[in-house]
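Participant: Handing you this structure, nothing more for now.
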Amino acid sequence: MRRAFTFVTVLACWVGSACAADAPQPKLVQAPHYGDTLFQFFQDHHFSAITGLMTSQHFERLAPHDDEAELLRGGMLLSYGLHREAGEVFAQLLDAGAKPAVQDRARFFLAKIRYQRGLLPEALDALGKIGSHLPPALEEERALLHANVLLAGQDYAGAAQQLRSLTGAKTSSPGASLYARYNLGVALVRNGDVAAGRVWLDELGKAASPQLPATPEYRALRDQANLALGFALLRDEQAEAASGYLQRVRLEGPQSSKALLGYGWALAAAKKHREALVPWQELLRRDARDAAVLEARLAVPLSYVELGALGQALTRYQEAIALYGQESALLDESIAAIRAGRLIEGLLAANPSATPGAEMSWFDAIQQLPAMPHAGHLADVLAQHEFQEAFKNLRDLHFLAGNLQAWQDKIEAFGDMVAHRRQAYAQRLPLVLAQANAAGLGALQQQRDALATELDRVEREVDIEALATPAQRALLERVQRVNASLKALADEPGLDAARHRARLATGLLTWQLAQDHAARLWAAQKDLRAIDRALSEARDREAALARAQQQEPARFDAFAARTQAEAARIAALIPQVARLTQQQQQAAQEIAIAQLVKQKERLALYSTEAHFAVAQLHDRAASQKEGHKEGDRAK
């Protein structure tokens, strides 16, 4: 029996987080783009997650999570059935010397997906290379997975050896030990050690105990253990022991019909035919499409024969023949509906997560059944792993078809964008060129050079008046006029006080200019450097403008060519995906039809047995009648 691999455990172990209750806290995500990928992954947007991840890898945005990101990418590739591509990813991780923990997780997930895809030798090869660096929860999953692979390959002794390590060990998951016990019991029974297997299955099949949790999962597993043990004892002709185990199975559980059938056979084997009719009669009141109910239709008249009620036996056989005929006709209707596409189209319509345009996710399951003529026939079909995988592939193809159609629409929009940008470029270029020419960078450069020459002179000659403010210049001119006037009146008496005040004003103004000269010279030189930077930026922009005039048309042409190439590629892929979708739908329908054909063949076999039994009853009645006639003649 497979154990469910929980979604939370998968996510926690993908990102290297804690996988057990006593494990350390999860690691912090240091790369925002890796965090975005994990967000998409947690939202079940696996297609967005893998495309975003690969884009971030292309631009080298994921450090220091490169190995973890590559491990996640390999796992998502595996989920889509891309084993070769995923194998290359894991091989590169191993060759590049990734951390041992990353290598072991890579091999574990590779083994798990290979097992789910039925690639047993490849799964064993990956399991055999796992080291000792798996988290505790994954280590338990690894042991159960290894045992399941061995069971699937009918290596029961090897599976039993693997499972013994889990049956008595303390596990982080309460269900791990239960599944290990069940699988160990089954492995031992199938390996021929019925007595040892009986011990494990018997313990698991008992009523809930303090050591075992009374959960729905455990109750279902307990029924499965009792059923497996009961039928194993029936095969060993231990009818009385088998009946005890079969009576433990719940009457309302999913295994109840098989248990009632087996319990009736156990009673019949013990020659308790009247008691055997009780569980079989209960079965006859259940869904006629159930395989156990169909077999009970033959078992009931057989007990009547053993009890000597030949008339009732004949009636029940005839009822069974009629029912088999009706059920066979109903199966034909279901097969015709499947051939017409109603099953697949109904499943796609009834399950929104599987419709075109929805995100691809390998955890999606069929939640709603479609409207079919006889939906009861679908139970065995949908339970098939092969059909589930075929439908998953079909769902992925539908998503890809929708994705391609969406990109075809986007490509058309990209073409319009290129055309609009060409037009905008052609309209704006003359204006930009006119503005660039109006700027007069040459004249500005000459002005800058003249200013630099003047500053050099001022600094060299210490010309303090050259950097005077307008107010100071006005004062200088006024003082100079006063001094000139006083000089012209040199012979006039009584002007000594004025000349003294003029000399004081001239000295004060000269002192102020000398004090401010150094700071003003530094500020002027700073402004000159700012002018140099502005001129440099202007020249860079002028050069960029010149390059743009050459490069932008080429970029538009390259983008247009790329857009046209992608449009052609998408146009070629759309019919290819449509063809593959049709083929995959046909393949899924054939898988479903093959299952219903098996049911028809079983019905035909039952009908043949019923006809043969009716013939035997007629022969027996004819022999008895002939015997009575001979007795009458003898008298």
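Participant: Which shape class applies to region 388-455: rounded if a/c is under 1.5, otherwise prolate when a/b exceeds b/c and oblate if not, where a ≥ b ≥ c are the square roots of the Cα gyration tensor eigenvalues?
Facilitator: It comes out oblate by the Cα gyration axes.
Participant: What do you get for the angle between helix 470-488 and the principal long axis of the chain? Use alpha-carbon atoms, 0 to 90 degrees, nearest ten.
Facilitator: That works out to roughly 10 degrees.
Participant: Another question about this same structure. Under unit Cβ charges (Lys, Arg +1; Asp, Glu -1), what dipole magnitude, rounded to 20 debye, does region 396-466 have relative to its Cα centre?
Facilitator: That gives a dipole near 480 debye.
Participant: Let me ask you something else. Excluding ligands, DNA and RNA, what is the solvent-accessible area per residue of the chain at a probe of 1.4 Å, expressed in Å²?
Facilitator: 55 Å²
Participant: Which residue, chosen from Gly158, Phe90, Gln480, occupies the Cα position most advanced towards the positive end of the dipole of the chain, where the dipole is computed from +1 (Lys, Arg) and -1 (Asp, Glu) charges on Cβ about the Cα centre?
Facilitator: The one lying farthest along the dipole's positive direction is Gly158.
Participant: With labels modelled as points extended 7 Å from the Cα through the Cβ direction, what inter-label distance (nm, one decimal) is found for Glu566 paired with Ala474?
Facilitator: Roughly 6.7 nm, to one decimal.
Participant: Only Lys, Arg, Asp and Glu count, each charged at its Cβ (+1, +1, -1, -1), so figure out the dipole size of region 544-587 about its Cα centre, rounded to 20 debye.
Facilitator: 80 debye
Participant: Give me the one-decimal Kirkwood hydrodynamic radius in Å for region 34-172, with the sum taken over alpha-carbon pairs.
Facilitator: 15.9 Å
Participant: Principal axis lengths of the chain from Cα atoms, whole Å, largest first?
Facilitator: Here the spans come out as 194, 56, 43 Å, largest first.
Participant: Given a 1.4 Å probe and heavy atoms of the protein chains only, how would you sort His385, His46, largest accessible area at the top?
Facilitator: His385, His46
Participant: Could you tell me the center-to-center distance, by alpha carbons, between region 386-457 and region 33-51 in angstrom?
Facilitator: Cα centroid of region 386-457 versus Cα centroid of region 33-51: 28 Å apart.
Participant: Report, to the nearest whole %, how much of the accessible area of the chain belongs to carbon and sulfur atoms, 1.4 Å probe, protein only.
Facilitator: For the chain, the apolar C and S fraction of the accessible surface comes to 54 percent.
Participant: Right, another one. I'd like to know how region 447-593 sits against the 2.2 N^0.38 Å rule of thumb: what's its Cα Rg over that expected value?
Facilitator: Compared with the compact-globule rule of thumb, region 447-593 sits at 2.70.
Participant: Quick one: grab the alpha carbon gyration tensor of region 209-292, order the square roots of its eigenvalues as a ≥ b ≥ c, and give me rounded if a/c is under 1.5, else prolate or oblate depending on whether a/b is larger than b/c.
Facilitator: It comes out oblate by the Cα gyration axes.
Participant: Still on this structure, please answer the following. Give me the extension gain from Leu307 to Arg533: residue separation times 0.36 nm, minus the current Cα-Cα distance, reported in nm with one decimal.
Facilitator: The Leu307-Arg533 span can extend by a further 70.1 nm.
Participant: Picking from Ala299, Leu188, Gln515, whose Cα lies most toward the positive end of the charge dipole for the chain (charges on Cβ: Lys, Arg +1; Asp, Glu -1)?
Facilitator: Ala299
Participant: Take the alpha carbon gyration tensor of region 51-122, find the square roots of its eigenvalues, order them as a ≥ b ≥ c, and report rounded if a/c is under 1.5; if not, report prolate when a/b exceeds b/c, else oblate.
Facilitator: It is oblate, given that a/c is not under 1.5 and a/b is not larger than b/c.
Participant: Each label point is 7 Å from the Cα along the Cα-to-Cβ direction; what then is the distance between the points at Glu345 and Arg274, in nm?
Facilitator: 5.8 nm
Participant: Just how large is the dipole of the chain about the Cα centre, in debye to the nearest 20, putting +1 at every Lys and Arg Cβ and -1 at every Asp and Glu Cβ?
Facilitator: 660 debye
Participant: Using R₀ = 25 Å, calculate the FRET efficiency as 1/(1 + (r/R₀)^6) where r is the Cβ-Cβ separation of Glu203 and Asp287; round to 0.05.
Facilitator: Efficiency, from the Cβ-Cβ distance: 0.15.
Participant: How long are the semi-axes of the ellipsoid equivalent to region 525-565, from square roots of 5 times the Cα gyration tensor eigenvalues, in whole Å, largest first?
Facilitator: 37, 8, 4
Participant: Hey, with R₀ at 30 Å, roughly what FRET efficiency would Lys99 and Gln43 work out to, going by the Cβ-Cβ distance, to 0.05?
Facilitator: Taking R0 as 30 Å, the efficiency between Lys99 and Gln43 is 0.65.
Participant: OK, next. Given Ile130, Leu251, Leu433, which one lies farthest toward the positive end of the charge dipole of the chain, if we put +1 on the Cβ of every Lys and Arg and -1 on the Cβ of every Asp and Glu?
Facilitator: Result: Leu251, furthest along the dipole toward the positive end.
Participant: Follow-up. Rank by packing, highest mean first: peptides 498-504, 242-248, 609-615, with packing defined as the count of other Cβ atoms within 10 Å averaged across residues.
Facilitator: 242-248, 609-615, 498-504
Participant: Can you give the calculated 222 nm mean residue ellipticity of the chain, where each DSSP H run of n ≥ 4 adds -39,500 (n - 2.57) and the sum is split over every residue, rounded to the nearest 500 deg cm²/dmol?
Facilitator: -27000 deg cm²/dmol
Participant: Kirkwood hydrodynamic radius of region 442-497 from all distinct Cα pairs, in Å?
Facilitator: 14.3 Å
The values are calculated or read from the model by the stated rules, or taken from the named source; none is laboratory data. Computed from a predicted structure; not experimentally measured. Reconstructed Cβ throughout: ideal geometry from the backbone, glycine too, with neighbour counts over all protein chains shown. SASA here: full protein model, heavy atoms, side chains in, ligands and nucleic acids out. Shrake-Rupley method; radii C 1.70, N 1.55, O 1.52, S 1.80 Å.
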